[in-house]
Amino acid sequence: MDKQKLNAVLFAMEEKGIPQMIISDPAVIFYLTGAWIRPGERLLVLYLNKNGSHRLLVNDLFRQTKDLGVEIQYYNDTQDGVEILSRFMDHAAPVAVDKNWPARFLLRLQELNAAGCYVNSSAIVDGVRQIKTPDEQERMRVASKLNDEVMKKLVGALSEDHTELELKDLLLKFY
């Protein structure tokens, strides 16, 4: 896991009085771990706890081949992934849950009385992601320059006889 980003999230959690958090958005999980996992309808959760006992719950179908810097808990389709998640949680403490977690998982977690209360974590994570590191700022500058160059090429190649599909193909070629 990216320690700097993780620490920023943990600090923001502490400021808000949130001892544990469930992150399910694959983009945020990628932001923190560097692993892009597309679980489809299956459960995918990065569980963060202020005491440092973080876990990534991933279906067996999406085995990870590199060290992500977090303990990975695999489960299969015959197991109740939400129940497995609840085993790690402090059932008396509040938990922050992101806005993207499907209701079928949240409702199951509530049935298990896995937390003292449930709050929206998206403001915490979104706030941390808004602040870009110097490396991220440089990557954004480079991406913007490349995009400007491609747009110049595309504008130069425009003519009335191109269809939208041809322009799409040309754009992809330039990129």
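The label-point distance for Arg87 and Glu138, in a model that sets each label 7 Å from Cα toward Cβ, rounds to 4.4 nm. Using the Cβ-Cβ distance between Arg129 and Lys152 with R0 set to 35 Å, the FRET efficiency from 1/(1 + (r/R0)^6) comes to roughly 0.70. Compared with the dominant Cα axis of the chain, that is its longest principal axis, helix 134-157 is turned about 30°. Stretching the chain fully between Ala103 and Glu41 yields a gain of 21.1 nm (0.36 nm per residue, less the alpha carbon separation).
Projected onto their three principal axes, the Cα atoms of segment 1-150 cover extents of 53, 36, 26 Å, largest first. Model label points for Glu160 and Lys16, set 7 angstrom from Cα along the Cα-to-Cβ axis, are 5.5 nm apart.
Would you mind counting up the charge near His162? Only other residues with Cβ under 14 Å from its Cβ, with Lys and Arg at +1 and Asp and Glu at -1. After counting each charged neighbour, the total is -2.
Using only Cα atoms, find the angle between the long axis of helix 164-174 and the longest principal axis of the chain, and express it within 0 to 90 degrees, rounded to the nearest 10. Value to nearest ten degrees: 80. In this simple spin-label model, placing a label point 7 Å from the Cα along the Cα-to-Cβ direction at both Lys168 and Asp2 gives a separation of 3.1 nm. Per residue, the solvent-accessible area of segment 32-136 (1.4 Å probe, heavy atoms of protein chains only, all protein chains present) comes to 53 Å².
Mean silhouette area of segment 100-170, derived from the convex hull of its C-alpha atoms and averaged over all directions, reads 8.9 nm². From the alpha carbon centroid of segment 40-93 to that of segment 95-150 is 17 Å. Summing +1 for each Lys or Arg and -1 for each Asp or Glu among the other residues whose beta-carbon sits under 15 angstrom from that of Val142 gives -1.
Tally up the carbon and sulfur contribution to the accessible surface of segment 48-129 as a whole percent, 1.4 Å probe, everything protein left in place. Roughly 48 percent of what the probe reaches on segment 48-129 is carbon or sulfur.
The values are calculated or read from the model by the stated rules, or taken from the named source; none is laboratory data. This is a predicted model, so every value here is computed, not measured. Backbone-built Cβ (ideal geometry, glycine too); neighbour counts: all protein chains shown. Surface areas here come from the heavy atoms of the whole protein model, side chains and all, with no ligands, DNA or RNA. Shrake-Rupley method; radii C 1.70, N 1.55, O 1.52, S 1.80 Å.
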